[in-house]
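Laboratory data are not the source of any read-out in this text; all were calculated from the coordinates shown. Keep in mind that what you see is a predicted model, and the values were worked out from it rather than measured. Using ideal geometry, Cβ is built from the backbone for each residue, glycine included, and neighbour counts are taken over all protein chains shown.
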Amino acid sequence: MDEAWIALRLTLKVAGVATVINMLLGVGIAYLFARKQFVGKNVGDAILTLPMVLPPTVLGYYLLVLLGKHGPIGYFLKKYFDINLIFTWQGAVIAASMVSFPLVFKAARAAFESLEPQYEQAARVLGVSDAAIFFRVTLPLAWRGILAGVLLSFARSAGEFGATLMVAGSIPGKTQTLSVAVYEAVQAGQDEMANFLVLLISVVCMTVLLVSGKLVPGRVASGVHDHG
Amino acid sequence: MANLWNIAVSKEYAGKNRTFNLDVKIQSSAERLVLFGVSGSGKTQLLRMLSGLVKPDQGSIEFEGKTLFNRNAAVNLSPQERSLGYVFQEYALFPHLTVIQNIAFSSNKGWFNKGQSFTDENVENWLEKFELKNLAYQYPHQLSGGQSQRVALARALVCQPKALLLDEPFSALDDGLRKALRMELYELQKQLSIPMILISHNLDDVRSFSDEVIQIREGRTI
């Protein structure tokens, strides 16, 4: 059963790093989409949301093409930094963060867009810089909605299978996350192992969902429109 | 003597079914100027243009001889640079901050909000002046309409703006309170001698507060 705990640790590491990446990128990009007007915004939104609807294997294939030895990014990284991402846990992180990115992006954008504009306007008139307004007004009023998306993204990352398998493979102790280990155990006829792994991943995801359910935007003094 | 306000702005708002044109010219030296008109006449949009929150399509805005906006000269000061106080119709108090944090908001230009325990003489003075000391650690949703208005006024005045813009400041209040706060605002203006522009659709506000009234109808001054 040691393998199971190793896989769990790896899964939490991959999902954790992927979630931090999504939190920074997703919140930043969502803020741009919620507040700025620019050419190609709708196309940009569609592209960023695509991972939610595309089969993970298709995403995995895209990543292989981009990050592989002969891919534009993979070639560049190898040549100038001697970095290889395919079949590494970092590759699994990229696969997981790509698949779960829309969950943070969508939640954060909705949270920013549902804020009453008058709070940010009031802060501008009070002479506070736009960057400071983001940290002092916008984020504190939108954080519940953002956090719900971040937790969902963590759960989705922890359960990622298709794209991870294609990019990172299934190397026990190195890139074999829980969901990949389940597949391997079933293939190998190790029913006991499969049962335990399935239970483990279910508990992890259930816990995250319960926590995120508690944090869905409340109505009390959150500065959010009441659409009810 | 030069005018306090020299305003000549226009802007087109294109909606789905109708286009609304705001085209306003105001030259005034009144310290208590009231813009009067029914709702939807464009008063709030004009006030937003003065504060820098909305950019006019054409024209210029000057206050005390200083250009805040001039389309032809490509001048458009940000709201932060205009040093004008603004009291929003629904007050727009930050819901996640206490009364004292709301009032002290502009005295801290950093990236993070101050905690609850700080001392700032200026903020203390305003708390005292508006009788808000007992409410310093309450949140906006715990305040009555009149208390919220006092907090909004104190928050706007604490950074010593050059003028104060008030968007229907009494509309959320009942009649008795309305009368009292109107007097309070009048006294405050006298005391601080800070120019104020107040917008209202209420004739009583006009009578008891203004020393000049400008009527706005369908986006035009008349």
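What separates the Cα centres of region A:111-163 and region B:181-195 is a distance of 38 Å.
Expressed per residue, the C-alpha convex hull volume of region B:29-181 stands at 141 Å³.
In the elastic network of chain A, a GNM with C-alpha springs shorter than 10 Å, the most mobile of A:GLU192, A:GLU160, A:GLU184 is A:GLU192.
Hydrodynamic estimate: the Kirkwood radius of the protein assembly as shown over Cα pairs, inserted into Stokes-Einstein at 20 °C and 1.002 mPa s, corresponds to D of 84 µm²/s.
Our estimate of slack between B:ALA73 and B:ASP175, defined as 0.36 nm per intervening residue step minus the Cα-Cα distance, is 32.2 nm. Translational diffusion of region A:13-160 was estimated from the Stokes-Einstein equation, with Rh taken as the Kirkwood radius over Cα pairs; at 20 °C and 1.002 mPa s the coefficient is 129 µm²/s. Backbone N atoms of region B:140-179 closer than 18 Å to the 7 Å Cα→Cβ label point of B:TYR13 belong to residues B:166-169.
To the nearest ten degrees, helix A:2-35 and the longest principal axis of the Cα atoms of chain A are 30 degrees apart. Calculate I(q)/I(0) for region B:112-191 by the Debye formula, one identical point scatterer on each C-alpha and no solvent, and give its log10 at q = 0.16, 0.17, 0.21, 0.24 Å⁻¹ to two decimals. Treating every Cα as an identical point scatterer, log10 I(q)/I(0) equals -0.66, -0.75, -1.12, -1.39. At q = 0.13, 0.19, 0.20, 0.31 Å⁻¹, what log₁₀ I(q)/I(0) does a Debye calculation on the Cα points of region A:156-199 give, no solvent, two decimals? At q = 0.13, 0.19, 0.20, 0.31 Å⁻¹ the computed log10 ratios are -0.24, -0.52, -0.57, -1.13.
Computed over all pairs of different Cα atoms, the Kirkwood value for the hydrodynamic radius of region B:60-128 is 14.7 Å.
Relative to the longest principal axis of the Cα atoms of chain A, helix A:41-53 runs at roughly 40 degrees.
Taking 7 Å steps out from each Cα toward its Cβ at B:ALA2 and A:VAL20 produces label points 5.6 nm apart. Computed from Cα atoms, the angle from the helix A:56-67 axis to the main principal axis of chain A rounds to 90 degrees.
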